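Colleague: My questions all concern the structure below.
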Amino acid sequence: MTPEYILLCLAAVCGFYMAWSVGANDVANAMGTSVGSGSLTLKRAVIAAAFLEFAGALFAGSSVSNTIRKGIINPDIFLPEPMWLVYGMIAALLAAAIWLQLASYFGWPVSTTHTIVGAILGFGVVVGGIEAVHWKKVGTIVASWFVSPVLAGTMSFLIFTLLRKKIFFVPNPVRAAKKITPWIVFFVFFILTLVMVFKGLKNLKLDLPIYQALALAAVVGVIAALVSWRLVKLIKTGETAVNNIQFQSPKVVTGISKAAKHLSQAKDLASGDTYFQIARLSKEITALSERAKEGVIQNESNNNEYKEVERIFVYLQILSACFVAFAHGSNDVANAIGPLAAAIGVLETGVVALKSTVPLWALGLGGIGIVVGLATWGWRVIETIGKKITELTPTRGFAAEFGAAITIVLASKLGLPVSTTHTLVGGVLGVGLARGIGALNLRTVRDILTSWVLTIPAGALLAVIIFYIMRLIFG
């Protein structure tokens with residue numbers, strides 16, 4: 001067995017391990033909201049995601065990979081010693097996989113792209129020094145820590161707020177849902193078609209002009225809306241209006257809160273009997289505020305009509321999750337297979353090429369690794385996304401998924417740096433904030449944000465250590 005053959009086998013094993021880690025962590029994001037809201041069981045989510053991720057990786061994954069992921073390191077630094085690139089890529093795969101597995105163990109949803117970029121950054125600096133790094137590229141990646149969750153969170157916040165206003169807080173929610181559903185379906189299919197064209201199928205080099213992509217998405221959206229218009233007619237409309245005494249609109253809570261604030265200010269300035277009367281009113285209005293807040297909670301959980309509305313959104317949420325899973329498989333498999341392809345290219349030719357052809361067996365290996373990772377450890381991150389950040393229902397889960405999909409489309413065409421993981425987490429945070437800061441588990445949010453900041457340094461440090469070990473053994 002030659003050293004080249006040993007390195008090839010080692011690269012393949014590390015590539016599979018990395019794909020496994022991608023499945024355990026990243027894939028869980030797409031299905032986390034569906035499981036958390038009860039739209040899908042964990043078993044069905046794993047089966048659906050496994051099929052779509054593997055299909056995306058094998059049939060729409062890139063057949064050509066850049067030698068250095070994201071162009072953060074100058075590849076010329078490896079020209080004197082091409083084998084150092086092999087050592088570095090194996091080190092990057094192993095380092096990224098270890099960090100992702102550690103993050104998955106704790107249920108932290110982190111970016112696999114950021115992890116592999118950090119690992120490549122680490123061994124690249126060792127080989128070529130600080131000047132070999134394209135720091136502007138690194139800056140855009142760091143910027144995505146903020147751009148992704150803020151954009152997606154804003155989108156999801158607005159979508160969920162609109163749904164509550166137009167459906168949940170009207171006298172007859174089911175009737176309102178039947179009216180608005182075809183419009184929602186149109187926009188869902190319009191955006192998800194663009195996700196597929198701009199992200200999920202971009203590796204197939206379809207290169208549709210923007211106007212053709214928009215026209216295709218509009219046609220798909222209209223067809224889907226017409227179908228949904230016929231289907232929602234089959235839903236029986238509830239005849240009993242919401243009891244406005246028991247079930248309150250958020251506007252009621254806001255109005256009472258403002259009144260309580262004004263009373264508090266007046267009490268501070270009052271004296272004598274007026275002071276005591278205002279104090280009594282302030283106490284009563286505080287109690288009234290608590291009852292009104294309880295009414296809002298009941299408004300979204302304990303009424304049969306709202307449960308009927310939630311059933312409508314189950315299908316929309318599952319649909320959104322499936323589109324995101326396919327798009328993820330077609331793109332993020334490169335995080336595992338890209339470095340593997342670069343190592344294979346050097347081992348076969350002995351030279352460093354700017355781009356490497358990705359063998360079909362490598363795409364298959366990556367697809368299988370993603371599926372196995374999802375099936376074995378994916379539940380850990382699914383639980384965090386679906387249950388530990390905020391309480392999700394099908395409506396909330398749909399708003400989070402759809403907000404993330406809109407962000408992906410906008411970012412793809414505006415050239416904004418976004419992470420799929422950060423986008424989906426931001427969507428869930430936005431939905432939680434729509435119900436108030438108290439609806440969020442701030443401890444979980446803190447842990448997630450901390451893991452994001454640690455991802456690039458952790459990948460870099462581990463890669464440096466493993467790179468030196470590789471040079472010591474094979475160099």
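Colleague: Go through the residues of the stretch 92-114 one by one and say whether even a single one is farther than 25 Å from Gly329 by Cα, part of a helix (DSSP H, G or I), touching a Gly at 6+ places or on another chain (Cβ under 9 Å) and touching a residue at least 60 places away in the same chain (Cβ under 8 Å). Step through it out loud before you land on a result.
Modeller: If we filter the stretch 92-114 for residues that are farther than 25 Å from Gly329 by Cα, which is where we start, we get none.
So far as the stretch 92-114 goes, no, none of its residues is farther than 25 Å from Gly329 by Cα, part of a helix (DSSP H, G or I), touching a Gly at 6+ places or on another chain (Cβ under 9 Å) and touching a residue at least 60 places away in the same chain (Cβ under 8 Å).
Colleague: Between residues in the stretch 257-281 that are assigned by TED's automatic domain parsing to the domain that holds Gly436 and residues that are outside any helix (DSSP H, G or I) and among the polar types (S, T, N, Q), which pairs lie under 6 Å by C-beta distance while being six or more apart or on different chains?
Modeller: Sorted first by the residue in the stretch 257-281, then by its partner, the list stays empty.
Colleague: Something else about it: Restricting to the stretch 7-54, what's the tally of residues that are free of Cβ contacts under 8 Å to residues at least 60 places away in the same chain and assigned to a helix (DSSP H, G or I)? Don't jump to the end; show me each part of the working.
Modeller: Going through the stretch 7-54, the residues free of Cβ contacts under 8 Å to residues at least 60 places away in the same chain turn out to be 9, 13, 41, 43-44, 47, 51.
Now restrict to residues that are assigned to a helix (DSSP H, G or I): 9, 13, 43-44, 47, 51.
The qualifying residues number 6.
Colleague: Another question, then. Between residues in the stretch 452-475 that are in contact (Cβ under 8 Å) with a residue 60 or more places away in the chain and residues that are surrounded by 15 or more Cβ atoms within 10 Å (Cβ to Cβ) and outside any helix (DSSP H, G or I), which pairs lie under 8 Å by C-beta distance while being six or more apart or on different chains?
Modeller: So the pair list comes out as Trp452/Val110; Trp452/Ser111; Thr455/Val110; Thr455/Ser111.
Colleague: Inspect all residues belonging to the stretch 276-284 and state whether any of them is at pLDDT 85 or above and among the hydroxyl-bearing types (Ser, Thr, Tyr).
Modeller: No - not one qualifying residue is present in the stretch 276-284.
Colleague: While we're looking at this one, here's another question. Any residue that is assigned to a loop (DSSP other than H, G, I, E, B), within 25 Å of Thr33 (Cβ to Cβ) and among the hydrophobic types (A, V, I, L, M, F, W, C) - is there at least one of those in the stretch 357-364? Show your work before the answer.
Modeller: Of the residues in the stretch 357-364, the ones assigned to a loop (DSSP other than H, G, I, E, B) are 358-359.
Next, only the ones that are within 25 Å of Thr33 (Cβ to Cβ) stay: none.
There is no residue in the stretch 357-364 that is assigned to a loop (DSSP other than H, G, I, E, B), within 25 Å of Thr33 (Cβ to Cβ) and among the hydrophobic types (A, V, I, L, M, F, W, C).
Colleague: Name the single residue that is farthest from the chain's Cα centre (by Cα) among those in the stretch 147-169 being under 19 Å from Val409 (Cβ atoms) and of a type in the set (Phe, Trp, Tyr). Spell out how you get there, then give the answer.
Modeller: So the first thing to find is which residues in the stretch 147-169 are under 19 Å from Val409 (Cβ atoms), and the list is 147-160, 162.
Next cut, of a type in the set (Phe, Trp, Tyr) only: 157, 160.
Details: Phe157: 15, Phe160: 17 Å.
Taking the candidates together, the pick is Phe160.
Colleague: Moving to a separate point now. How about the stretch 310-353: which of its residues are surrounded by fewer than 22 Cβ atoms within 10 Å (Cβ to Cβ) and of a type in the set (Gly, Ala, Ser)?
Modeller: The answer is Gly350, Ala353.
Colleague: If I filter the stretch 141-184 down to residues being in contact with a Ser or Thr (Cβ under 7 Å, 6 or more places away or on another chain) and of a type in the set (A, V, I, L, M), which single residue comes out as surrounded by the most Cβ atoms within 10 Å (Cβ to Cβ)?
Modeller: Ala152
Colleague: Among the residues in the stretch 56-74, are any at pLDDT 85 or above and assigned by TED's automatic domain parsing to the domain that holds Arg396?
Modeller: Residues of the stretch 56-74 at pLDDT 85 or above: 73-74.
Cutting the leftovers down to assigned by TED's automatic domain parsing to the domain that holds Arg396 gives us 73-74.
Yes - at least one qualifying residue is present in the stretch 56-74.
Colleague: Looking at Thr390, Thr423, can you tell me which residue is assigned to a helix (DSSP H, G or I) and not hydrophobic (A, V, I, L, M, F, W, C)? Even if it seems obvious, please write down each step before you answer.
Modeller: Numbers: Thr390 fails: assigned to a helix (DSSP H, G or I).
Answer to the check: Thr423.
Colleague: Check whether at least one residue in the stretch 332-349 is under 17 Å from the mean Cα position of the chain (by Cα), under 16 Å from Leu52 (Cβ atoms) and touching a residue at least 24 places away in the same chain (Cβ under 8 Å), and report yes or no.
Modeller: Yes, that holds for at least one residue.
Colleague: Let me ask something additional. Please work out if Leu374 is modelled with pLDDT under 85, in the same structural domain as Phe323 (by TED's automatic domain parsing) and within 16 Å of Gly23 (Cα to Cα).
Modeller: Answer is no for this residue.
Colleague: Oh, and also: If we scan the stretch 406-416, do we find a residue that is at pLDDT 90 or above, surrounded by 23 or more Cβ atoms within 10 Å (Cβ to Cβ) and either assigned to a helix (DSSP H, G or I) or out of contact with any Lys or Arg (no Cβ under 7 Å at 6 or more places or on another chain) (or both)? So that I can check it myself, show each step before the final result.
Modeller: Quick first cut of the stretch 406-416, residues at pLDDT 90 or above only: none.
Looking for residues that are at pLDDT 90 or above, surrounded by 23 or more Cβ atoms within 10 Å (Cβ to Cβ) and either assigned to a helix (DSSP H, G or I) or out of contact with any Lys or Arg (no Cβ under 7 Å at 6 or more places or on another chain) (or both), one finds none in the stretch 406-416, hence no.
Colleague: Among the hydrophobic types (A, V, I, L, M, F, W, C) and within 21 Å of Val27 (Cβ to Cβ) - does that describe any residue in the stretch 464-475?
Modeller: Restricting attention to the stretch 464-475, the residues satisfying the condition of being among the hydrophobic types (A, V, I, L, M, F, W, C) are 464-467, 469-470, 472-474.
Among the residues that remain, those that are also within 21 Å of Val27 (Cβ to Cβ) are: none.
Looking through the stretch 464-475, none of the residues is among the hydrophobic types (A, V, I, L, M, F, W, C) and within 21 Å of Val27 (Cβ to Cβ).
Colleague: Also, I was wondering about something else. Can you name every residue in the stretch 376-404 that is hydrophobic (A, V, I, L, M, F, W, C) and either without any contact (Cβ under 8 Å) to a residue 60 or more places away in the chain or surrounded by 24 or more Cβ atoms within 10 Å (Cβ to Cβ) (or both)? I'd like the intermediate steps shown before the answer.
Modeller: Pass one, the stretch 376-404, residues hydrophobic (A, V, I, L, M, F, W, C): 377, 379, 381-382, 385, 389, 392, 398-400, 402, 404.
Scanning the stretch 376-404 gives Val381, Ile382, Ile385, Ile389, Leu392, Phe398, Ala399, Ala400, Phe402, Ala404.
The values are calculated or read from the model by the stated rules, or taken from the named source; none is laboratory data. Just so we're clear, the structure is a prediction, and the values are computed from it rather than from any experiment. FYI the Cβ positions are ideal-geometry reconstructions off the backbone, even for glycines, and counts take in every protein chain you see.
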